[in-house]
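Visitor: Pasting a structure here, questions to come.
Read the figures in this text as sums done on the coordinates, not as results from a lab. What you are looking at is a predicted structure, and each value in this text was computed from that prediction instead of being measured. Here Cβ is always computed from backbone atoms with ideal geometry, including for glycine, and neighbour counts include all displayed protein chains.
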Amino acid sequence: GNSVTQMEGPVTLSEEAFLTINCTYTATGYPSLFWYVQYPGEGLQLLLKATKADDKGSNKGFEATYRKETTSFHLEKGSVQVSDSAVYFCALSDSSSSGSARQLTFGSGTQLTVLP
Amino acid sequence: NAGVTQTPKFRVLKTGQSMTLLCAQDMNHEYMYWYRQDPGMGLRLIHYSVGEGTTAKGEVPDGYNVSRLNKREFSLRLESAAPSQTSVYFCASSLSGRDYNEQFFGPGTRLTVL
């Protein structure tokens with residue numbers, strides 16, 4: 001079956017530090033990959049996505065590259081801000097799954113706290 | 001646009017009680033989903049709907065019933081709540097089930113079953 005493994009948290013960084021959150025996956029087909037962000041007290045929001053190998057998703061200074069050879073989709077940001085404090089979820093949608101709805105499989109989430 | 005809304009925001013139940021969570025979206029989306037979020041486990045799909053009048057089981061459907069009331073509304077019902085159903089419940093919707101269609105999430109309902 002499909003699975004997503006994320007770097008365990010919590011992660012605490014100082015403002016302007018470099019961020020990496022590791023994500024690896026197992027899938028039976030050719031998945032699309034996503035990073036979602038959950039700010040305190042809110043629902044999840046799509047941060048970025050990549051739909052095929054070597055694609056790079058980017059948004060708000062965050063980037064992630066779909067690496068098929070290492071089955072990874074690591075999230076990076078060059079300089080984090082206090083406002084980036086949130087929980088980050090890696091997820092996949094497997095295009096080989098049957099039926100008309102592509103179910104999302106989520107990682108366990110990584111709590112990021114950025115200190116001023 | 002309100003996006004995806006959920007009611008209630010918080011609820012405490014006793015074991016054996018029933019309740020219905022309601023989700024509504026104003027984006028004219030066909031697909032709607034119910035997830036539960038538990039510490040250290042990410043989100044898991046309970047049930048989903050691919051259109052008005054349809055429902056289908058997700059990864060963890062046992063103990064839950066759903067109803068797609070109309071295109072806008074999707075309800076989740078716990079007939080006899082158990083402590084194992086203590087969780088945060090999220091509703092989501094998407095234009096279709098294709099990979100490139102983003103799922104939009106509501107703010108969640110925090111449910112505690114004593």
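Visitor: Hey, what does the equivalent ellipsoid look like for segment B:44-99, semi-axes from the Cα gyration tensor as sqrt of 5 times each eigenvalue, largest first, whole Å?
Guide: Details: eigenvalues 87, 32, 19 Å².
With the √(5λ) rule applied to segment B:44-99, the semi-axes are 21, 13, 10 Å.
Visitor: Taking the Cα centroid of segment B:65-114 and of segment A:21-56, what is the distance between the two, rounded to the nearest whole Å?
Guide: Their Cα centres are 20 Å away from one another.
Visitor: What is the ratio of the Cα radius of gyration of segment B:67-109 to 2.2 N^0.38 Å, with N the residue count, to two decimals? Before the final figure, lay out each step's value.
Guide: Details: Rg = 13.0 Å, N = 43, 2.2 N^0.38 = 9.2 Å.
For segment B:67-109, the normalised Cα radius of gyration is 1.41.
Visitor: On to the next question. Given chain B, what whole percent of its Cα pairs are spread farther than 20 Å? Please list the in-between numbers first.
Guide: Working: 2205 of 6441 pairs.
The answer is 34 percent, as a whole percent.
Visitor: Moving on. For chain A, give the share of DSSP beta bridges that are antiparallel, in percent and rounded to the nearest 5; count only bridges with both residues there. Walk me through the intermediate numbers first.
Guide: Details: 35 of 39 bridges.
The antiparallel fraction comes to roughly 90 percent.
Visitor: Restricting attention to segment A:7-116, which GluC sites (Glu not before Pro) occupy a DSSP loop and are surrounded by at most 15 other Cβ atoms within 10 Å? Show your work: numbers first, answer last.
Guide: Working: sites: A:E8, A:E15, A:E16, A:E42, A:E63, A:E69, A:E76; in loops: A:E8, A:E15, A:E16, A:E42, A:E69.
Answer by residue number: A:E8, A:E15, A:E16, A:E42, A:E69.
Visitor: Based on the Cα atoms of segment A:1-70, what semi-axes does the equivalent ellipsoid have, where each is the square root of 5 times one gyration tensor eigenvalue, given in whole Å with the largest first? Show your work: numbers first, answer last.
Guide: Numbers: eigenvalues 98, 41, 36 Å².
Values for segment A:1-70, descending: 22, 14, 14 Å.
Visitor: Stokes-Einstein D for the protein assembly as shown at 20 °C, 1.002 mPa s, Kirkwood Rh over Cα pairs, in µm²/s?
Guide: Values: Rh = 18.1 Å.
D = 118 µm²/s.
Visitor: Here's a follow-up. In debye to the nearest 20, how big a dipole does chain A give about its Cα centre with +1 on each Lys and Arg Cβ and -1 on each Asp and Glu Cβ? The partial results should precede the final answer.
Guide: On the way: 8 positive and 11 negative charges, 72 e Å.
Using only the charged Cβ atoms, the result is roughly 340 debye.
Visitor: Quick one: what does P(r) look like for segment A:30-95 with 10 Å bins over all Cα pairs, in whole %?
Guide: Once binned at 10 Å, the Cα pair distances of segment A:30-95 give 22, 52, 23, 3.
Visitor: Give, rounded to the nearest 20 debye, the magnitude of the charge dipole that chain B has about its Cα centre when Lys and Arg contribute +1 at Cβ and Asp and Glu contribute -1 at Cβ.
Guide: Details: 12 positive and 10 negative charges, 67 e Å.
Dipole of chain B, to the nearest 20 debye: 320 debye.
Visitor: Using a Förster distance of 41 Å, how high is the FRET efficiency between A:N59 and B:L69, based on the Cβ-Cβ distance and rounded to 0.05? Before the final figure, lay out the partial values.
Guide: On the way: r = 34 Å, r/R0 = 0.82.
For A:N59 and B:L69, the calculated efficiency is 0.75.
Visitor: So, how do all the Cα-to-Cα distances of segment B:33-72 break down into 10 Å bins, in percent, from 0 on up?
Guide: Calculated P(r), rounded to whole percents: 31, 49, 18, 2.
Visitor: Any idea what the dipole of the protein assembly as shown comes to, in debye rounded to 20, about its Cα centre with Lys/Arg Cβ at +1 and Asp/Glu Cβ at -1?
Guide: Details: 20 positive and 21 negative charges, 115 e Å.
Using Cβ point charges on Lys, Arg, Asp and Glu, the protein assembly as shown gives about 560 debye.
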